[in-house]
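*Asks:* A single structure is presented below for examination.
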Amino acid sequence: MNVNEVKKFAIDIRKETIKCIGNLGVGHIGGALSVVDVLAVLYSGEMNIDPKNPAKDDRDMLVCSKGHAGPAVYSTLALKGYFPLEMLDTLNKPGTNLPSHCDMNRTPGIDMTTGSLGQGASSAMGIACANRLKGYDSYTYLIVGDGEIEEGQVWEAAMFAGAKKLDHVICFVDYNKCQIDDYVQNLCNLGNIGKKFESFGWNSIDVEDGNDVEQISAAIAHAKSIQNGQPTAIVLNTVKGKGYSKIEGSLGSHNMPVNADMVAEAMAELDEQLKAL
């Protein structure tokens, strides 16, 4: 992995994500920005994909169960050439193919429709089962939010994956510690997330800085090296709104107005980050 290239890719994803939300005027900017770095790693060569053939049978698949992070996924896909960048300007507008939450029937490169929190976890396990039955060596990557894993359906899916030994499933928990109403610990304290997954027959890996592309890449490599017939949960300690200091760690960034001045301010900040590489 070329670390600087992946970091540059992450900055580009952040720019496009902020611009398309700003073009709309409102959106889930905080939770979109916190998953950018794992997306940058996955789409910088980690995943077996082909933007020219999005439906390639044996491809690796990504299920972004926290579907309101769709703008970050869309920006990643556009930058990889799945569809023109100009299409990002249509985010969540009438007639768009880029709805607020990910929709596999509308957007090239989206592997599963998500947004009803928890359901993406079940879908990912179904995908992994189907791919194994077909004899594919492909991986199914799942992104869930920390608030999302308060949903019982996530743990039903985790129990199923452990029981069926779905060792080609890697689940990333976006542990940014904020949800719509308050900090996660104040609403429904999650305790030790990794240990919870382990109790369902998973491996778990904790990433101290879940917005560091080198640590993310190392965690994925470790997950693939374990070879013990178990799925793996990678708990990413992230910052909500990462990359735009004005909203980093802010509860209010869950879904917020984003105006032209904020976009300009964020672009200038991201340009400085790019110069520093």
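*Asks:* Taking the highest mean first, how do the peptides 271-277, 41-47, 103-109, 222-228 order by number of other beta carbon atoms within 10 angstrom per residue?
*Replies:* Final packing ranking: 41-47, 103-109, 222-228, 271-277.
*Asks:* Also: Starting from the Cα-Cα distance between A276 and D181, subtract it from 0.36 nm times their residue separation and give me the gain in nm to one decimal.
*Replies:* That pair, A276 and D181, stretches by 30.7 nm at full extension.
*Asks:* Oh, and also: Among 166-173, 119-126, 21-28, how do they line up by average Cβ neighbours within 10 Å per residue, starting with the highest?
*Replies:* 166-173, 119-126, 21-28
*Asks:* Next question. Students often get this wrong: which residues of segment 242-270 have the backbone nitrogen under 18 Å from the point 7 angstrom along Cα-to-C-beta of V26?
*Replies:* 251-263
*Asks:* Shape of segment 119-277 from its Cα gyration tensor (a ≥ b ≥ c, root eigenvalues): rounded if a/c is under 1.5, otherwise prolate when a/b > b/c, or oblate?
*Replies:* Prolate, because a/c is 1.5 or more and a/b exceeds b/c.
*Asks:* For the pairs K195/K240; K66/K224; K80/K240; K15/K246, note any where the Cα-Cα span goes beyond 19 Å.
*Replies:* K195/K240; K66/K224; K80/K240, as the Cα separations exceed 19 Å there.
*Asks:* Using a 1.4 Å probe, what is the accessible area per residue for segment 134-277, in Å²?
*Replies:* Value returned for segment 134-277: 46 Å² of accessible area per residue.
*Asks:* Output the 0 to 90 degree angle, nearest 10, between the alpha-carbon long axis of helix 70-79 and the longest principal axis computed from the alpha carbons of the chain.
*Replies:* 80
*Asks:* Same structure again: For segment 1-69, what does the accessible surface come to per residue with a 1.4 Å probe? Please give it in Å².
*Replies:* 33
*Asks:* What does the C-alpha gyration tensor say about the overall shape of segment 28-150? Classify as rounded when a/c is under 1.5, otherwise prolate if a/b is larger than b/c, or oblate.
*Replies:* Oblate.
*Asks:* Using only helices, what value at 222 nm comes out for the chain when you add -39,500 (n - 2.57) per DSSP H run of length 4 or more and divide by the total residues, to the nearest 500 deg cm²/dmol?
*Replies:* -12000 deg cm²/dmol
*Asks:* Given a 1.4 angstrom probe, I'd like the percentage of the accessible area of the chain that is carbon and sulfur, rounded to a whole number.
*Replies:* 48
*Asks:* Rounding to the nearest 10 and keeping the result within 0 to 90°, find how far the Cα-based axis of helix 213-225 lies from the longest principal axis of the chain.
*Replies:* Taking Cα atoms only, the helix is inclined about 20 degrees.
The values are calculated or read from the model by the stated rules, or taken from the named source; none is laboratory data. Treat the numbers as computed from the prediction; the structure is a model and nothing was measured. Note: ideal-geometry Cβ built from the backbone for every residue, glycine included; neighbour counts use all protein chains shown. These area figures cover heavy atoms from the full protein model, side chains too; ligands, DNA and RNA do not enter into them. Shrake-Rupley method; radii C 1.70, N 1.55, O 1.52, S 1.80 Å.
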